[in-house]
Each structure stands twice: as structure tokens, then as C-alpha cells.
Amino acid sequence: MAPDPKLAMANAIVSERLGHSSIGITLDTYSHVLPSMQGEAVKAFDQLFLSR
């Protein structure tokens, strides 16, 4: 499962609008807002490692 380029772009735009010096600061600060992303990450890792 490839990362969604639209999501990466949205992260960069949000980071810039908030005045953060890096996307990492934005993601570290606000990643809890999107808990569904954790579930998606688990599914992606499962697909990656269980398909071997």
C-alpha cells in the first residue's frame, strides 16, 4: 500500500499554514487527531509482512 500523495501534500500545507518549521512537528503534535490512521498503518504492515 503506497502512501497517499494527497495526504502528504495536505500535511505539508497544514504545516506551512501553522508556521511549523517541519512536517514532523505538525505530525508529532496533531497525529492523535486522526486515530483511524493507526488502523490503516496496521493493515498496511499486515499486508506487507503477511504476504511474504
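The values are calculated or read from the model by the stated rules, or taken from the named source; none is laboratory data. Bear in mind that the values here come from a model prediction, so they are computed numbers and not experimental data. Cβ sites come from the backbone with ideal geometry, for glycine too, and all protein chains shown count toward neighbours.
The table below lists the values:
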item	result
Matching residues in region 18-43 - criterion: being assigned to a helix (DSSP H, G or I) and at pLDDT 85 or above	LEU18, ILE23, GLY24, ILE25, THR26, LEU27, ASP28, THR29, LYS43
Tally, over region 30-47, of residues that are free of Cβ contacts under 8 Å to residues at least 24 places away in the same chain, hydrophobic (A, V, I, L, M, F, W, C) and either farther than 30 Å from GLY19 by Cα or exposed (fewer than 11 other Cβ atoms within 10 Å of the Cβ) (or both)	3
